[in-house]
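Colleague: Sharing a structure below in C-alpha cells format, with a few things to ask.
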Amino acid sequence: MAQAQGLGKRYIKAFLKGFFVAVPVTVTFLDRVACVARVEGASMQPSLNPGGRQASDVVLLNHWSIRNYDVQRGDIVSLVSPRNPEQKIIKRVIALEGDIIKTIGYKKKYVKVPHGHIWVEGDHHGHSFDSNAFGPVSLGLLHARATHILWPPQRWQKLQPMLPPERKPLHREQE
Amino acid sequence: MIMAQAQGLGKRYIKAFLKGFFVAVPVTVTFLDRVACVARVEGASMQPSLNPGGRQASDVVLLNHWSIRNYDVQRGDIVSLVSPRNPEQKIIKRVIALEGDIIKTIGYKKKYVKVPHGHIWVEGDHHGHSFDSNAFGPVSLGLLHARATHILWPPQRWQKLQPMLPPERKPLHREQE
C-alpha cells in the first residue's frame, strides 16, 4: 500500500511539473509564433470560405511574421476588430500609410491612410465589415498574417498576397 | 579518470542550465505578457501625477495586464496603450470617457465627440503637453495594453494609483454608470 501511494505521488508530481512547463511554453508559442483559426463568415469570399457555412476554412495565422508590423498590400491579415476588442476579423490589406485610395461606401470618397494605419477590405464587397465601414485601422490592432489554408485538405494552399487591380491606390507613398 | 569525471559534471550542469532556461523563458514571457510588468514613464504628458520631477527622476510604474484582460476600464484609470500612430510605441494616459459618453474636447477637430462603440477617450493630465485623444481621436479598446496600478520607484513616491477623473473633464452625458 505504501509503495503504491509513493508511485502515485510521483506520477502526480511529474504530471504537475510537466503541466507547469508545457502550459507557458504552449501559450508563448501560440501568442508569438503561430496558431490556427477557423474562418467564419462570407466577407472574404471567394478567397476564404467559398463553401459558406457547410465548410469553414481553417487557416494558419502567423504572428511572428508581423512582429515588426511589416505587412504588404494584398496580404490577408487577422486583426482585433476596432469596434469590439473581443473579436478578431480577417481581411485583406488594401493600402498602407500614405496611400491615397478611392473608398467603397465610406463617409469620405477619397482617403489618405494616416501614419501607423492600414486600410483593409473583405474580398466580398458589400458583405464585409471593413475599413469602408470603420475607416483606417491602427497597426497596433494587427494580430497575424494568414499564410496557409490548412483545412479542408482539398483547399490546402499557401495564401499569396494578391491586390485586386481595381483596388490599387491612386497614389502610393512607399514602394 | 579525474578528467572524465569533471567533464561529466560539466555536461550535467550545462544540461540542467538549459533545461531551466527553456522552462524559465516561456514562463517569464507569459507572465510579463499576460499578468504584469514594470515600465519607466517618459515625458511630461501626465504631470503632475507621473514624472513630476521631469527628466531627473522618471517614475517606474507597475503595469497590470491581467486586470484589463476583459477590457474592463473605468473613467479616471491610468492606462498604457499602443500608440495609434506608431505601433512600436506605448503611451500612458488617463481614461476620460467610455463608449457612448459625450464629451467636450480640448483642441480636437470636433468640439463635441460621442465616443464610438469599442473605443475610449484618453488624455494626459498635462493638457497642451500631451499627444492624446485630442490629437488622434477616440482609440480602439483593442490597443489597450495595461492599467498602471502603482508607482514603484522612486521609493518616496511609492503609492497605489487611484482612478481619478478631473471634475472639469466629466462627460456631458454618460451612457453607462
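All of the numbers you see were taken from the coordinates with simple rules; none came from a lab. Computed from a predicted model, the values in this text were never measured in an experiment. Backbone-built Cβ (ideal geometry, glycine too); neighbour counts: all protein chains shown.
Colleague: Tell me the Kirkwood radius of region A:42-175: reciprocal of the mean inverse pair distance over distinct alpha-carbon atoms, in Å.
Modeller: 15.0
Colleague: Here's another thing I want to ask about it. Just going by the charge dipole of the protein assembly as shown, with Lys and Arg at +1 and Asp and Glu at -1 on Cβ, which of B:Val115, B:Ser140, B:Gln56 is farthest out on the positive end?
Modeller: Most positive-ward Cα: B:Gln56.
Colleague: Okay, moving on. If you find the alpha carbon centre of region A:134-175 and of region B:25-44, how far apart are they in angstrom?
Modeller: Answer, in whole Å: 31.
Colleague: Now, a different point. Report the local net charge at A:Asp57: Lys and Arg +1, Asp and Glu -1, summed over other residues whose C-beta lies under 10 Å from its C-beta.
Modeller: So the surrounding residues net to +1.
Colleague: Suppose every K and R has +1 on its Cβ and every D and E has -1 on its Cβ; what is the size of the dipole of chain A about the Cα centre, in Debye to the nearest 20?
Modeller: Values: 24 positive and 14 negative charges, 91 e Å.
The dipole magnitude comes to about 440 debye.
Colleague: What number does the protein assembly as shown give for Rg over Rh if you use C-alpha atoms and the Kirkwood radius?
Modeller: Checking Rg against Rh, the ratio lands at 1.06.
Colleague: Within region B:1-88, report the chymotrypsin sites (Phe, Trp or Tyr not before Pro) that DSSP leaves as loop and that have at most 14 other Cβ atoms within 10 Å.
Modeller: Of the chymotrypsin sites (Phe, Trp or Tyr not before Pro), the ones in loops of region B:1-88 whose Cβ has at most 14 other Cβ atoms within 10 Å are B:Tyr71.
Colleague: Right, something else. Specify the inter-centroid distance of region A:63-104 and region B:114-128, based on alpha-carbon positions, in whole Å.
Modeller: If we compute the Cα centre of each part, the gap is 23 Å.
Colleague: Using the Cα centre of the protein assembly as shown as the reference point, and only Cβ charges (+1 on K/R, -1 on D/E), how large is the resulting charge dipole? Debye, rounded to the nearest 20. Can you show the working numbers first?
Modeller: Values: 48 positive and 28 negative charges, 139 e Å.
Dipole magnitude for the protein assembly as shown comes out near 660 debye.
Colleague: While we're on this one: Under 8 Å for C-alpha pairs, at least 6 residues apart: give me the relative contact order for chain A, rounded to a whole percent.
Modeller: Contact order relative to length: 24 percent.
Colleague: Tell me which lysines have Cα within less than 19 Å of B:Lys104's Cα, excluding those fewer than 8 residues away on the same chain?
Modeller: Partners found: B:Lys93, B:Lys114, B:Lys170.
Colleague: What do you get for trypsin sites (Lys or Arg not before Pro) in region A:105-175 restricted to DSSP loop and a cutoff of at most 15 other Cβ within 10 Å of the site's Cβ?
Modeller: The qualifying sites are A:Lys107, A:Lys108, A:Lys109, A:Arg172.
Colleague: Please tell me which of these pairs span more than 26 angstrom C-alpha to C-alpha: A:Lys88/B:Lys160; A:Lys91/A:Lys112; A:Lys102/B:Lys110; A:Lys91/A:Lys158?
Modeller: A:Lys88/B:Lys160
Colleague: Quick check: net charge around B:Lys104, other residues with Cβ under 15 Å of its Cβ, Lys/Arg +1 and Asp/Glu -1?
Modeller: Net charge in that neighbourhood comes out at +4.
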